[in-house]
1. Residues of the stretch 24-51 being of a type in the set (A, V, I, L, M) and in contact (Cβ under 8 Å) with a residue 60 or more places away in the chain, which ones?
2. Just the residues that are modelled with pLDDT of 90 or more, surrounded by 11 or more Cβ atoms within 10 Å (Cβ to Cβ) and within 20 Å of Met213 (Cα to Cα), please, taken from the stretch 225-268.
3. What number of residues in the stretch 1-29 are within 21 Å of Lys140 (Cβ to Cβ) and at pLDDT below 50?
4. Inspect the stretch 135-148 for any residue being hydrophobic (A, V, I, L, M, F, W, C) and more than 16 Å from the chain's Cα centre (by Cα) and give the result as yes or no.
5. Would you be able to tell me the number of residues in the stretch 131-146 that are modelled with pLDDT under 90 and within 20 Å of Leu51 (Cα to Cα)?
6. For the stretch 112-119, does any single residue satisfy the condition of being touching a Phe, Trp or Tyr at 6+ places or on another chain (Cβ under 7 Å) and at pLDDT below 70?
7. Taking only the stretch 199-224 into account, find how many residues are of a type in the set (Asp, Glu) and either touching a residue at least 24 places away in the same chain (Cβ under 8 Å) or surrounded by 10 or more Cβ atoms within 10 Å (Cβ to Cβ) (or both).
8. Quick check: is even one residue across the stretch 64-85 at pLDDT below 80 and closer than 29 Å to Lys159 by Cα?
Amino acid sequence: MNFAKEIKNTGDFRFYLQQELLERCRRNPKYSLRAFAKALQIGPAALSDMLNGKRTITVASIERLGLALGLTLKQIDVFKRQTKSPKTAAATADLQFQKLTLDSFALISDWYHYAILELIKVKDFDPSTAWISKSLGITKTEANAAIERLLRLSLIQEKNGRWVDNSQGFTTNIEPGLTSSASRNLQKQILEQSIKALEKIAVDLRNHTSMTMAIDPEDVPEAVERIKRFRHELCDFLERNQKPKEVYQLSISLFPITQIQKKQEKTI
C-alpha cells in the first residue's frame with residue numbers, strides 16, 4: 001500500500017500539505033517551512049497557520065496550492081469536494097479512521113515519535129516545539145507534526161501544564177502490510193542513526209560492538225527470544241532512575257552474512 005496515495009485519499013488537504021512538507025524535509029534535512037512556502041508562492045506565516053489548523057484552507061487555495069504541488073485536476077477535485085460537501089457522521093468517522101491509520105503508520109515508521117514519549121520523562125523536559133526539535137535534532141515541522149499525531153492518537157495529553165505519557169500498552173490497528181513496511185522504515189532510520197553516532201558521539205557515551213559466529217540457523221529463534229529478554233532486562237535496569245537526563249536508542253542486530261545452505265540446496 002502506498003502511503004502518499006493513502007494520504008491523498010483521505011481528502012484532507014491540510015493533512016496532505018503537512019505530510020508533503022515532512023517528506024521534503026526527510027529528503028533534504030535543510031529544507032524548511034520557508035522553502036516550502038516559497039515553492040507554493042505563499043507567505044510562511046499563512047502556510048504555518050494552515051498546517052497547524054489555525055487558518056481555513058479555501059477551495060481557491062486548494063486549487064492554487066494543488067497546482068503548485070503538481071497534483072492532477074482529478075486529485076485536486078477530491079480535496080475540493082471534501083471541503084465543499086457537507087460531512088455526514090459516517091463520512092466523518094471514516095475520514096477520522098483513515099487519519100488514525102496513517103498516524104499509526106507514521107508512529108511506527110518514524111523514530112522521533114518514541115523519542116518524544118521518552119523525552120517527557122527527562123528531568124528538564126520543555127514541551128515547546130523549539131526545545132524538542134533542538135534536543136532530538138529534528139526540524140520544527142517534524143516536531144509539530146509528531147506532537148499533533150501523538151495527541152490525536154491519545155498517546156500524550158496535557159494535565160495541569162504538564163505532559164503525560166499514555167502510550168503504555170499501545171497497539172496499532174492497521175493492516176499487516178502497512179505495519180511491516182513501517183517497521184522496515186523504522187529499523188532503517190535507527191541503523192542510519194547508529195552510523196551517525198559512530199562518527200559523532202564520544203566513545204564513552206556509546207557502545208558499538210559486534211561478533212562474527214559460525215552457528216546453526218535452527219538456533220536463531222531461541223537467540224531472538226534471548227535477545228528479547230536481554231532487551232527487557234537492560235531496559236528495566238536503565239529505567240530504574242526516576243530522573244533520566246538523556247534519551248538513548250538500543251539497537252541489536254543478528255543476521256547471516258553467508259548463504260551456504262541456499263547454495264547447497266541449489267546444487268542438490
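The values are calculated or read from the model by the stated rules, or taken from the named source; none is laboratory data. Given the structure is predicted, the values throughout are model-derived calculations rather than measurements. Ideal geometry is used to build each Cβ from the backbone, glycine not excepted, and the neighbour counts take in all protein chains shown.
1. Within the stretch 24-51, the subset of a type in the set (A, V, I, L, M) is 33, 35, 37, 39-40, 42, 45-47, 50-51.
Passing the criteria: Leu33, Leu51.
2. Arg226, Ile227, Lys228, Phe230
3. So the count comes out to 1.
4. The first filter runs over the stretch 135-148 and keeps only residues hydrophobic (A, V, I, L, M, F, W, C), leaving 136, 138, 143, 145-147.
This time we only want the ones that are more than 16 Å from the chain's Cα centre (by Cα), so: none.
Among the residues of the stretch 135-148, not one is hydrophobic (A, V, I, L, M, F, W, C) and more than 16 Å from the chain's Cα centre (by Cα), which makes the answer no.
5. As a first pass, look at the stretch 131-146 and keep what is modelled with pLDDT under 90: 137-146.
Filter once more, keeping what is within 20 Å of Leu51 (Cα to Cα): 138-146.
Going through the stretch 131-146 one residue at a time, the tally reaches 9.
6. Within the stretch 112-119, the first condition is being touching a Phe, Trp or Tyr at 6+ places or on another chain (Cβ under 7 Å), and the residues that meet it are 119.
Imposing the further condition that a residue be at pLDDT below 70 reduces the set to none.
No - not one qualifying residue is present in the stretch 112-119.
7. The total comes to 1.
8. no
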